[in-house]
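Here is the structure we will look at, set down as structure tokens.
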Amino acid sequence: MNWWETDFVAVRGNKLLVAGRDAAALAERYGTPLYIYGKDRILERYARLEDALARHSPLPSRICYAMKANSHRGILRLLQRRGAWIDAVSPCEVETALKAGFPAERIIFTGTSVSRADLRSVFAVDRLTVNIDAAEQLDLMSEVKRDFPSRVIRVSVRWNPGIGRGFNARVITAGKRSSDGTPIKFGVEGKKVLGVFARARKLGFRPVGLHQHLGSGWVREDFPMVRAAVDRMVRKAREIEKAGFPLEFLDFGGGFGPRYLKSRAVFPVEDHIAYIARTVAKAGLGVKALAIEPGKYLVGDAGVLLLSVEYVKESYGNIFACVDGGTYNTVPRPAIYLQAHHEIVNASRVDGPVKARITVAGNICETGDVFGRERMMPLPGSGDLLGVLCAGAYCRSMASNFNLREIPREVLL
Ligand code: LLP
């Protein structure tokens, strides 16, 4: 069995099966490029988190799906029916979640550089929780609140615990600076948190929670630092409770992902959940619920992008499989983040005797438009089908019409 095989992507007769169906038949039916998502895989991931939370914590839990990862309507509906909550980051995400059936009380809005117009939109949604990103945001909030004189607006505070982790500098969201020196824009600095709670209450908001999100794409090696951040969060929560602000929930954010790469040590998600539960219990906090905000974990490896090889090109000794889609329009992660790896499988012949170093080149006018660089794989032929794995998270949602190319169709099976 190949390391990347799951109940969603598997091999039968040297050909790729996606959600139990022949990839070639799906490509034939729907055309390529094509995104395919698997309901069962998403539900299996959800159940794992739910079980871990239930096993380790006596508190009710909230699995807030970070819908920025993939806001496909069918996926939202599926998770809504399953009881998920939503982490939304824009008014349009809030609206989309509501349309998919999520009740407002199961939506937490975590904006950054939030505008008055954003606030007006989210304050209009009764019972939603607004996560405050900056002490300075309270001035705008207070101004906009005047238009909603009788509304009880639930707020939480996104604080920056001073520790961030992520698979590259662009997605580390806590700490003073990212690993490449970029100042981190998110969250409220530790020493200002209590002041935000106090001022929010004074302005008539109802503070209900504390939130942190360290970044995206942790690996096993990050676990000690992630634990240290959990400790800080719990200490901060105690300080807040002691100051007279009872907390309904603690939200530990997302960041744990699927296995993108064979050599990658997968983050121990269950240990993480157990650690959170244990630390919260030990601290004797009065919180009523624990929240997490998975994006990648729930949908990442529940998606595949199918591409067709148009022709194979050789130039200066480089071999390119030239495919009928571009990264920017389909799986932009490798073009945006040097470190983003997506395994690529020849769906027409998963294994073959003649292997070569293949660069899978898209149809966009940029050198960075390669799905994979010099991958050792069976030499493809014209008409072969390639599967780009782990294409469920931050692929369709970050795809653009760059070069005026279309964004592919999606099917949820
Ligand atoms: N909560 C908050 C407040 C977030 O900002 C994010 C992601 C999540 C939860 C979910 O993180 P996840 O579990 O999916 O790692 N475009 C990047 C990922 C950026 C994530 C930004 N925030 C990528 O393609 O890797």
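The values are calculated or read from the model by the stated rules, or taken from the named source; none is laboratory data. What you see is a predicted model, and the numbers here were worked out from it, not measured in a lab. Note: ideal-geometry Cβ built from the backbone for every residue, glycine included; neighbour counts use all protein chains shown.
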Sole exception among (1) closer than 23 Å to K15 by Cβ; (2) in contact with a Leu (Cβ under 9 Å, 6 or more places away or on another chain) for C322, by number:
(2)
Could you tell me whether any residue of region 76-96 is closer than 21 Å to G204 by Cβ and in contact (Cβ under 8 Å) with a residue 24 or more places away in the chain?
no
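Here's the yes/no breakdown for (1) within 16 Å of the ligand (Cβ to nearest atom); (2) closer than 30 Å to S61 by Cβ; (3) not charged (D, E, K, R):
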| position | (1), (2), (3) |
| --- | --- |
| A302 | yes, yes, yes |
| E314 | no, no, no |
| A321 | no, no, yes |
| N346 | no, no, yes |
| A356 | no, no, yes |
| N363 | no, no, yes |
| M398 | yes, yes, yes |
Residue check: is D222 in contact with a helix residue (DSSP H, G or I) (Cβ under 7 Å, 6 or more places away or on another chain) and of a type in the set (D, E)?
no
Could you grab me the full set of residues in region 277-290 that are crowded, with 19+ Cβ neighbours inside 10 Å and in contact with a His (Cβ under 8 Å, 6 or more places away or on another chain)?
A277
Unique match (being surrounded by fewer than 22 Cβ atoms within 10 Å (Cβ to Cβ), under 20 Å from the mean Cα position of the chain (by Cα) and either under 26 Å from A25 (Cα atoms) or assigned by TED's automatic domain parsing to the domain that holds G31 (or both)) among I319, I407:
I407
Would you check which residues across region 243-272 are part of a loop (DSSP other than H, G, I, E, B) and surrounded by fewer than 18 Cβ atoms within 10 Å (Cβ to Cβ) and list them?
A243, G244, P246, E248, L261, K262, S263, R264, A265, P268
A careful count of residues in region 320-352 that are at pLDDT 95 or above and within 24 Å of N403 (Cα to Cα) gives 22
Before we move on, is D7 in a helix (DSSP H, G or I) and either under 17 Å from A302 (Cα atoms) or modelled with pLDDT under 95 (or both)?
no
A237 - would you say it is part of a helix (DSSP H, G or I), surrounded by fewer than 18 Cβ atoms within 10 Å (Cβ to Cβ) and either in contact with a helix residue (DSSP H, G or I) (Cβ under 7 Å, 6 or more places away or on another chain) or of a type in the set (A, V, I, L, M, F, W, C) (or both)?
no
Having 3 or more residues that are small (G, A, S) and closer than 17 Å to T32 by Cα is the bar; report the strands (runs of 3 or more DSSP E) wholly within region 350-413 that clear it.
none
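A quick yes/no check of all residues on (1) more than 23 Å from G162 (Cβ to Cβ); (2) hydroxyl-bearing (S, T, Y); (3) in contact with a His (Cβ under 6 Å, 6 or more places away or on another chain):
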{"residue": "V234", "(1), (2), (3)": "no, no, no"}
{"residue": "A243", "(1), (2), (3)": "no, no, no"}
{"residue": "A274", "(1), (2), (3)": "yes, no, yes"}
{"residue": "L298", "(1), (2), (3)": "yes, no, no"}
{"residue": "V304", "(1), (2), (3)": "yes, no, no"}
{"residue": "S308", "(1), (2), (3)": "yes, yes, no"}
{"residue": "K313", "(1), (2), (3)": "yes, no, no"}
{"residue": "I319", "(1), (2), (3)": "yes, no, no"}
{"residue": "Y337", "(1), (2), (3)": "yes, yes, no"}
Being of a type in the set (K, R) and either in contact with a helix residue (DSSP H, G or I) (Cβ under 8 Å, 6 or more places away or on another chain) or free of Cβ contacts under 8 Å to residues at least 40 places away in the same chain (or both): is that true of R349 here?
no
Which one is nearest to F223 (Cα to Cα) among residues in region 161-181 that are touching a strand residue (DSSP E or B) at 6+ places or on another chain (Cβ under 6 Å) and touching a residue at least 40 places away in the same chain (Cβ under 8 Å)?
R165
